[in-house]
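Quick notes on the structure that follows.
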Amino acid sequence: MSAHRTIKLLVGQRFGRLVVLGWSERHRHIVCHCDCGATWKGLWYSLVSGRTKSCGCLRKEITTTYNRSTLRRYDLTGQRFGFLLVMGFVRLTHRGEAVWRCRCDCGIERNITAGHLRGGLTKSCGHAQKEIVRILMTKHGRYKDRDYLSEKDQKRRAILMDAYIETVNPAVVYERDMGLCHLCGLPVEDRDFHLDHRTPLIAGGEHSYANCFTSHASCNYRKGRKMPEDCSFLWARS
């Protein structure tokens, strides 16, 4: 049976919301009228197989109904998740996930998806994470203290080099060396202070008071992996 004869037999028949009107010679498509008033053009076998039942309006209605019922079922307004209080619905993402306006206990408001709220992935505007970091980085009240951070960095480097580690207080080293750079002999300002290992860690040196000396940041960088006796170009620099 030819395609044209098959289409003639389909004229007037209903497939879901579509009623077959005829054949479009120009586009080689079958023409149908939808119950919503729109005209649909497509392949005739998609109608017969049941893959197409409307011009697209049926899918939109199903999607809209599903989204609305989902929002009614999972209305999060007024609920609390950690430090966040849900204020109201904002919008739907392109994936159909609800986005809610939330107010943190610190007063900041954020738009957060329902999945992050209900899954426990987001519990604050971000201040809680900062507080955790502050607690982890605080030792005896020394948070973001320059000497403390320098001491932690030196220990980290020593661990990576598998060197002997001793707790070294940079202030004690600075006072012991009377604030003079052991490489060039000039006074070291507080903000230009570096703790230099006389024998570099990479060469087997220890992170201890016996191997740590006061130096300028620039002298320390220029020294690199050398020993102090190999750095005569830094002595009594102008």
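The values are calculated or read from the model by the stated rules, or taken from the named source; none is laboratory data. Note that this is a predicted model, so its numbers are computed, not measured. Here Cβ is always computed from backbone atoms with ideal geometry, including for glycine, and neighbour counts include all displayed protein chains.
Listing for the model above:
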read-out	value
Criterion violated by M178 - all others in (1) at pLDDT 85 or above; (2) not in a loop (DSSP other than H, G, I, E, B) satisfied	(2)
Whichever residue in segment 15-46 is at pLDDT 85 or above and of a type in the set (F, W, Y) and, among such residues, is surrounded by the fewest Cβ atoms within 10 Å (Cβ to Cβ)	F15
Residue among R191, R225 that alone is free of Cβ contacts under 8 Å to residues at least 60 places away in the same chain and in a helix (DSSP H, G or I)	R191
Residue pairs meeting the criteria (Cβ under 6 Å; at least 6 apart or on separate chains; first within 15 Å of T113 (Cβ to Cβ) and without any contact (Cβ under 8 Å) to a residue 40 or more places away in the chain, in segment 75-100; second assigned to a strand (DSSP E or B) and polar (S, T, N, Q))	V90/N111; E97/T113; V99/N111; V99/T113
Number of the condition not met by E61 [criteria: (1) modelled with pLDDT under 85; (2) more than 30 Å from R14 (Cα to Cα)]	(2)
Unique residue being at pLDDT below 85 and either outside the structural domain of Q79 (by TED's automatic domain parsing) or within 30 Å of T214 (Cα to Cα) (or both) when the list is I132, I159	I159
